[in-house]
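> Quick one: this structure, given as structure tokens, is what I'll be asking you about.
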Amino acid sequence: MLRSRSLRLVVILIAILAFVLIASFVYNLPYVQERFGWRISVLRAEIKYALNPPEEVVFTPNPTIDAMVEATLKAYTPTVTRTPSLTSTPGYTATPTITPSPTHTPTPIPAKVELDNIRHEYQKYNNCGPANLSMALSFWGWEGDQRDTAAFLKPIQDDKNVMPYEMAAYVEEETSYDVVVRVGGDIDLIKRFLAAGFPVLVEKGFDVPGKDWMGHYQLITGYDDERERFTAQDSYQGGPNLPLPYNQLEEYWRHFNYLYLVIYPPERESEVFSLLGPHTDETYNYEYAAQLASDEIFTLTGRAQFFAWFNRGSNLVSLKDFAGAATAYGEAFNLYPTLDLEIRPYRLMWYQTGPYWAYYYTGRYQDVINLANNTLFYTVDKPI
């Protein structure tokens, strides 16, 4: 009798183990993950955020270390210069004044432009970058879709973000096209690219009711001056040919330093560089964007000012002025607790790496660790 019970128990345990193994295998099948895996991730995030609201988490840079680093590095960290610097402003080192380019009369462009032949795609889970890159490439005749771009850009489904330089790498390594990535863009520049026949891929923020602030890519394919709006191909909720007011794009584009990508056939490189003008030079571009951020710091308030400070830090990282960048990021993080909870961009560090560079290269290793811990354990449902 005892032997029979033991045998039955062993059979039950084997059956349970087999069920767990089979269930685990089935759950991790790509088809199942694509259909159902994201729902579990969303549910897990909702439970975690309900118990530990991420918008209440605040990262505080170490002000003592800040002061020590600034005093130590000030003597030997040169500010990147091309021309005499601006009058310094309390709180950060002044950005160099950009030497103005020779003035020229721009070629008039139409009041309305719409680019066709773009294959719209709704993004799969966490697939904003791959979907938008696929749409941008489709304009030039590329025949793949977001599954192809995602396999290169984010083979792990739970990866929260694809960086612009990763998308540029895909274009350069996996296609026959070329690409430029720049910051400090503006409405007029987008229109000029569209008028010349080049769609523009922008990185921007947006607020989702019930889901708070997120980062997002959008492909801009047209504009209408009379209605003061762009046409965007939105992979998330807006769908194809989404009307996007100029002022709305400008507001949310600031959240990512007015960053844009333009894909083009190699034989049209001279056209792209002509449209970029002095921004063809990456150093000039970052200096210009740093100056733009500095100007906005004094004209904006609230969350917009927070992003202006953050953008300044990111541009200074690109210019390798890590001490200046650390100070600018510090100003941004010190503003963060003053923002209303419902508008805090607590997901920002899913998309940005600049502060880690700034703190690491100024010897602020504990700030690197603290910021990473805040991001991984309080704003992400499951660290990858």
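Just so it is clear, none of the values below were taken in a lab; they were calculated from the coordinates. Quick caveat, the model's predicted, so the values are computed rather than measured. FYI the Cβ positions are ideal-geometry reconstructions off the backbone, even for glycines, and counts take in every protein chain you see.
> What distance in nm separates the simple spin-label points at residue 251 and residue 151, each placed 7 Å from Cα in the Cβ direction?
Taking the simple label geometry, residue 251 and residue 151 are separated by 4.1 nm.
> Follow-up. When ranked by the protection proxy of mean other Cβ atoms within 10 Å per residue, highest first, what sequence do the peptides 161-173, 267-279, 245-257, 347-359 form?
347-359, 245-257, 161-173, 267-279
> Out of residues 5 or more away from residue 229 or on other chains, whose amide H comes under 5 Å of its own, with H placed 1.01 Å from N in the peptide plane?
Here the answer is 224, 246, since their amide H atoms fall under 5 Å of that of residue 229.
> Taking segment 112-265, how many lysine pairs are there with alpha carbons less than 27 Å apart, if each pair must be eight or more places apart or span two chains?
The result is 11.
> Using packing as a proxy for protection, rank 258-265, 121-128 so that the peptide with the highest average count of other Cβ atoms within 10 Å comes first.
258-265, 121-128
> Fewest Cβ neighbours within 10 Å first, please rank 364, 192 accordingly. Intermediate values should be presented prior to the final figure.
Details: 364 23, 192 20.
By the 10 Å Cβ count, ascending: 192, 364.
> Using a 7 Å offset from the Cα along the Cα-to-Cβ direction at both residue 173 and residue 301, what is the distance between the two label points in nm, to one decimal?
Roughly 4.7 nm, to one decimal.
> A follow-up question, please. With all distinct Cα pairs included, what does the Kirkwood hydrodynamic radius of segment 112-265 come out to in Å, to one decimal, could you say?
By the Kirkwood definition, the hydrodynamic radius is 15.3 Å.
> Continuing with the same structure: Tell me the label-point distance for the pair residue 9, residue 350, using the 7 Å Cα-to-Cβ offset, in nm and rounded to one decimal.
Simple spin-label model gives 4.7 nm for this pair.
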